[in-house]
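Working notes, structure below.
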Amino acid sequence: MRKPKLRLMWLLAAATMIFAACNKDDGNDGPTILVEDGLYIVGEATPWTDYDLKGQFAGGINEADNQQPRATMFEKYVALEAGKTFKIVEIAGKEAIEYGPDNLMDVATEGLREQPNVTAKVGSFKTGGEYTVAESGLYHIILDKELSKVAIIPVPYWGILGGSSPYGWNDDNTHMELVGAFDKNELVFEITDLELREGDFKFRYGSGWKFELDEEGTVKANTNFGGAVDALVPGGSNIALAKENEGIYTVRMKWSAQTGGLGMTAELVKTGDVEPLPEYPTELFMIGNALNSEDSDNDGTPDGWQWNLTDAPMVPVHSHEYMFWKIVWLNAGGEFKFAPEKAWGKDFGKTGEASADTVYAKGSDNIPAPSTSGYYMVVVDLKENKIIISDPKVYLIGTTVGDNWTAPVADAKFTVDNANEVITLTKALDAGDLRMHVWHKWFPVQDPQPVDWWQAEFIILNNKIEFRGNGNDQERVNLTAGTYKIDLNFKTGDGTITAQ
């Protein structure tokens, strides 16, 4: 019976020697390292005064590289106490390499390229040294070894936003604020009595989607979560809420020192029911001789009034199921109507006369085309039961026009060239993705659901105009810097981009 005891004592002694071998072997007293290799946060400002797997950084995801993992980037959410210190340490075999601050500066990102409205500490790092923060709270820490860059970003609040929310994809009214006093072991952000409907949503902090680590914008960390409520993914896909789950909710984002990885979890608690919303059609079609007055089959009825000869779908406004738009060539003297399917029975037009700005109330009568043939923008609002005919307004936005994301960009407006049946723009552009959208006085509509530019976006792909509608982010056409002529033919659906 003594042999097993001796074997157990030998194993314990061997384990002690193995752990001792993990001590920092530089002649100085160092910490006993009982964790796997990786990057860690440790110190009195944190919940962990010694190395702990729960204090390990997660591998970073580069938003600028199509959400691909980036081997040299690491990130962690952590509660930090002001006035106390912490370290960022890489454990690599027997070594414990400390990455301390070097030339950290305040960087204000409010209003900059979809970044959070915060002032972060950003700079390089060096071997050795400790960090502090001026205010206790939740922080998002990002370190990139290739860039030799570290960012310490305060998390002032979380937002839930999307088609499920009464406020759409604008979370200014859906802030989850910190509940209770600061506690570096657990922080809970919460909003109560929030109405959530069928649709999708995401979480983000500080009203931003990403944080840029380099001036070129090639490395960006996500400041948003998607995926699933019980399995959050940085920059993940939208989270869906089914119709049967509509209701009044308490929504929480919780950080806990006991949660590994990034440390964040989410919770939706239904606290009440809601009345059903009106049902809107998912599609809407135009028909009428204002679109086509020819009679190709010689049956006495213009082709434009025949469903089998006319295909003129309206474009849904993303996240606004009651609103549709279309840039269309209207022939003077013609008329048109709408229907939610390519068939008669549920068709509609207008009632009464138009207001001074060509707004009609929804009714059963045909709508007359304007007195001059050409391109027009037609918008249908089924919540307000009104229809408008107006001049088309098409704009570029984004990196190609001075990295300007505030719509509409005044000097990036297209010209309507009815003589050549195109809507066109010739302009010197910066390098970047070519992004276009329509604008209208009903965009943005008043709160609670303003229309953002991307909700009425389209692109040119393979020389065709492709509308985003209710879809996800589209493919991109990336241009080098130069002068280009862009022609949009909404009669044929063709689009061209020609270097000048």
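The values are calculated or read from the model by the stated rules, or taken from the named source; none is laboratory data. These numbers come from a predicted model, not from an experiment. FYI the Cβ positions are ideal-geometry reconstructions off the backbone, even for glycines, and counts take in every protein chain you see. For the accessible areas, the whole protein counts, side chains as well, though only heavy atoms, and no ligand, DNA or RNA atoms are used. Shrake-Rupley method; radii C 1.70, N 1.55, O 1.52, S 1.80 Å.
Just give me the residues in segment 277-302 being free of Cβ contacts under 8 Å to residues at least 12 places away in the same chain and either open to solvent by less than 40 Å² (accessible area, probe 1.4 Å) or under 16 Å from Pro166 (Cβ atoms) (or both), in sequence order. Lay out the reasoning, then the answer.
Narrowing segment 277-302 to residues free of Cβ contacts under 8 Å to residues at least 12 places away in the same chain: 279, 294-295, 298-301.
Of everything in segment 277-302, nothing turns out to be free of Cβ contacts under 8 Å to residues at least 12 places away in the same chain and either open to solvent by less than 40 Å² (accessible area, probe 1.4 Å) or under 16 Å from Pro166 (Cβ atoms) (or both).
So in segment 43-71, with the set limited to residues that are within 30 Å of Asn478 (Cα to Cα) and in contact (Cβ under 8 Å) with a residue 24 or more places away in the chain, which one is surrounded by the fewest Cβ atoms within 10 Å (Cβ to Cβ)? Please lay out each step first, then the result.
Filtering segment 43-71 for residues within 30 Å of Asn478 (Cα to Cα) gives 59-71.
Now restrict to residues that are in contact (Cβ under 8 Å) with a residue 24 or more places away in the chain: 60-65, 67, 70.
Numbers: Gly60: 23, Ile61: 20, Asn62: 22, Glu63: 23, Ala64: 17, Asp65: 12, Gln67: 15, Arg70: 22.
Only one residue tops the list, namely Asp65.
Asp183 falls short on exactly one of the conditions (1) in contact with a His (Cβ under 9 Å, 6 or more places away or on another chain); (2) at negative phi, and that condition is (1). Within segment 96-110, is there a residue that is of a type in the set (Phe, Trp, Tyr) and over 20 Å from the mean Cα position of the chain (by Cα)? Yes, the conditions are met somewhere in segment 96-110.
Out of Thr399, Thr406, report the one residue that is open to solvent by less than 60 Å² (accessible area, probe 1.4 Å), under 23 Å from Leu112 (Cβ atoms) and of a type in the set (Ser, Thr, Tyr). Steps first, please.
Values: Thr406 fails: open to solvent by less than 60 Å² (accessible area, probe 1.4 Å).
Testing whether each residue is open to solvent by less than 60 Å² (accessible area, probe 1.4 Å), under 23 Å from Leu112 (Cβ atoms) and of a type in the set (Ser, Thr, Tyr) leaves just Thr399.
Is it the case that segment 246-260 has a residue that's within 26 Å of Asp473 (Cα to Cα), open to solvent by 10 Å² or more (accessible area, probe 1.4 Å) and touching a Lys or Arg at 6+ places or on another chain (Cβ under 9 Å)? Within segment 246-260, one or more residues are within 26 Å of Asp473 (Cα to Cα), open to solvent by 10 Å² or more (accessible area, probe 1.4 Å) and touching a Lys or Arg at 6+ places or on another chain (Cβ under 9 Å).
Screening the candidates Phe74, Phe125 for the property of being open to solvent by 20 Å² or more (accessible area, probe 1.4 Å), in a strand (DSSP E or B), at pLDDT 95 or above and touching a Phe, Trp or Tyr at 6+ places or on another chain (Cβ under 8 Å) yields one hit, Phe74. Among the residues examined, Asp417 does not qualify as modelled with pLDDT of 95 or more, open to solvent by 30 Å² or more (accessible area, probe 1.4 Å), out of contact with any Leu (no Cβ under 8 Å at 6 or more places or on another chain) and closer than 30 Å to Gly352 by Cα. Picking from residues in segment 293-328 that are within 40 Å of the chain's Cα centre (by Cα) and assigned to a loop (DSSP other than H, G, I, E, B), the one that is modelled with the lowest pLDDT is Ser319.
Yes/no matrix, rows are residues, columns are (1) among the acidic types (Asp, Glu); (2) outside any strand (DSSP E or B); (3) touching a Leu at 6+ places or on another chain (Cβ under 9 Å):
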site: Phe189; (1), (2), (3): no, no, yes
site: Asp193; (1), (2), (3): yes, no, no
site: Asp200; (1), (2), (3): yes, no, yes
site: Glu215; (1), (2), (3): yes, yes, no
site: Gly226; (1), (2), (3): no, no, yes
site: Leu232; (1), (2), (3): no, no, yes
site: Gly236; (1), (2), (3): no, yes, no
site: Ile248; (1), (2), (3): no, no, yes
site: Val251; (1), (2), (3): no, no, yes
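Out of curiosity, is Gly349 of a type in the set (Gly, Ala, Ser) and under 24 Å from Gly482 (Cβ atoms)?
On the way: of a type in the set (Gly, Ala, Ser): yes; under 24 Å from Gly482 (Cβ atoms): no.
It is false that Gly349 is of a type in the set (Gly, Ala, Ser) and under 24 Å from Gly482 (Cβ atoms).
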